[in-house]
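To keep things clear, I will list the structure first and then write my remarks on it.
The values are calculated or read from the model by the stated rules, or taken from the named source; none is laboratory data. Just so you know, these numbers come straight off a predicted model, no measurement behind them. Neighbour counts run over all protein chains shown; Cβ positions are idealised from the backbone, glycine included. What goes into the accessible areas is simple: the full protein's heavy atoms, side chains included, and nothing from ligands, DNA or RNA. Shrake-Rupley method; radii C 1.70, N 1.55, O 1.52, S 1.80 Å.
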Number of protein chains: 2
Amino acid sequence: MTNRRSFLQTTAAAAFGSAAFSSQVTQAESSAPPNGLVHPGDVVLFQGDSITDTGRSRDKAAEPNNQAALGNGYAFMAAANLLTNTPDLKVFNRGISGHKVFQLADRWQADCLDLQPNVLSILIGVNDIWHKRNGKYDGTVEVYERDYNTLLERTVKAMPQVKLVICEPFVLRCGAIDDSWFPEFDGYRAAAKRVAEKAKAVFVPFHSMFEAAVKLASPEHWAKDGVHPSPYGAALMAHAWTQAVR
Amino acid sequence: MTNRRSFLQTTAAAAFGSAAFSSQVTQAESSAPPNGLVHPGDVVLFQGDSITDTGRSRDKAAEPNNQAALGNGYAFMAAANLLTNTPDLKVFNRGISGHKVFQLADRWQADCLDLQPNVLSILIGVNDIWHKRNGKYDGTVEVYERDYNTLLERTVKAMPQVKLVICEPFVLRCGAIDDSWFPEFDGYRAAAKRVAEKAKAVFVPFHSMFEAAVKLASPEHWAKDGVHPSPYGAALMAHAWTQAVR
C-alpha cells in the first residue's frame, strides 16, 4: 500500500463517511485535512452577480442549504459538493443579477456582515466591464480594483477571522462576447487576482479553467451567451471551487 | 502559514497551473500528490450502462476527450474536471444503455482490453436488479457478484497495471423506484463494495452520496426517474468521482 493510494482512499472515505478505509484515514489524517478551508459548523456565503444569483428564491433566502434559495448554478452545485461531505454547514447565496462591486458595497451590511460568514466567496466583475462597454456605467478597471479592495478591507475589519475566496471573472468567446473584449477583460482578471493576493484569499481561476475547457467542447456548451454558464459550465466551476477550498 | 493552508493552496494551484502559490506547491509536494490515480499520458475509460452512456456519439467514439463521444453525463463532467487540470490524458466512454455485467463481459475485448486503459472506471448494477425485478432477466445478486469478480479477474490478468475505480450502484426513491426495491438493492450495493475490496479498487459511494443529497433537494432534482441523473446529479457524481481518484 503506497502513500499515494492511502491518500486517495482517505479522500474517498472522508468525502462520504465510508468506513471501508478507516485504517488509511487514521494513517493519513495529519498530512491531508479533508475539509480544508471549510469546517463543521461554518457559515458559507456566496456573493456576486447573475452568475451566482441563478434564479435563487428571495422568499427562501433566509433558509440555509435550501436548493431554491441557492439557485441553479455553481453556488448550489458547490454547496451540494460540500454538504454531502460535511452536512453541518449553513450555506447561503446572496448574488444579485446585474451587480457590480459598488452595488455589493451598498448592501454589504445586510447581505454579508449580518450573516457572519466563516467562509465568504465572491465572484464579481463581468458587469463592471460589460456595463462600462455598453455605456451604462462609467467605472474603469481602476475603480473596480479600488472598490474591491475597499470592500474586502471593510469585510476583514468587521470579521477578522473570515476566510476569503475570490473568484476570477470569466467570459467565453461566444454569444455576447467577441474579441473586442480583449485585452481589456484581462485587465479585470489581473485586478481580481491582485485583490485576492492583497487579501490573502484563495483565488479560483475560472477564466483559465474555461480556456482549458473550450478545448473539450464549444464555448456555447459551457455558456451559451458567453457569460452565464450552462449546467456543464456551472458543474465545472463548482468542482474547481470545491477543490480550491479543500 | 499552516500545513492546512499550504495543502489548500497546493490543490488550487495544481488544479490550474497558477503560479501564485508556487512556494507552497514546492513545500507540500511530497505529502499530497495532486493527481492521485490519474497521471499525464494515461488512458482513462468509463464503462457502464445508460448512466454512463448518456447519449454519447458512436460515430465519434474513437476520439478521446470529445464531448459528443463522452456524452452528457457524469463521465463527460468528470473528464472535464480531469482535463482542465491534466490536458495530457485520453478519456473514452464505452457505456451502453441497458447493460448488465454479463453484457460488459461480452464486449470486453473490444470495449476495454483493446483500449489498454491505465484507469478503468465501472458503474454497473442497476439493470442487473431492475431487469430481474421486471422479469426480463434471471440473474440474482449472487450472479452479479460472481460475474463482476470474474470480469475484474480477467481485466487484471490482461492488464496487471490497470488502476480500477468501482462505482456504487445507486437509485433515488422517485420515478421508477419505490420502497419495494429495498433492502434488495442494498444487497447489490454491498456486492459492488465487496467486488471493489477484492480487486483493491477505489470505491466511489454514489448511493451514500445521494442519500445525503436528498436532504438538500428532492430526489427528482437529482434524477427525475430515480435512475438517470439530471445535470445536478451528474455534476455531484463527477465531483465525487474526481475527488475519489485524486
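Quick notes on this structure:
- Verdict on residue A:186 being open to solvent by 40 Å² or more (accessible area, probe 1.4 Å), more than 30 Å from residue A:40 (Cβ to Cβ) and at pLDDT 95 or above: yes
- Only listed residue being within 18 Å of the chain's Cα centre (by Cα) and either over 28 Å from residue B:242 (Cβ atoms) or open to solvent by less than 10 Å² (accessible area, probe 1.4 Å) (or both), chosen from A:163, A:132, A:198: A:198
- Meets criteria (under 20 Å from residue B:69 (Cβ atoms), among the charged types (D, E, K, R) and in contact (Cβ under 8 Å) with a residue 40 or more places away in the chain) for residue B:111: yes
- Residues located in region B:77-105, provided they are free of Cβ contacts under 8 Å to residues at least 24 places away in the same chain and out of contact with any strand residue (DSSP E or B) (no Cβ under 7 Å at 6 or more places or on another chain): B:87, B:103
- In region B:66-180, counting only helices (runs of 4 or more DSSP H) that sit wholly within it, the ones holding 1 or more residues that are within 26 Å of residue B:41 (Cα to Cα) and within 14 Å of chain A (Cβ to nearest Cβ) span B:67-70, B:74-83.
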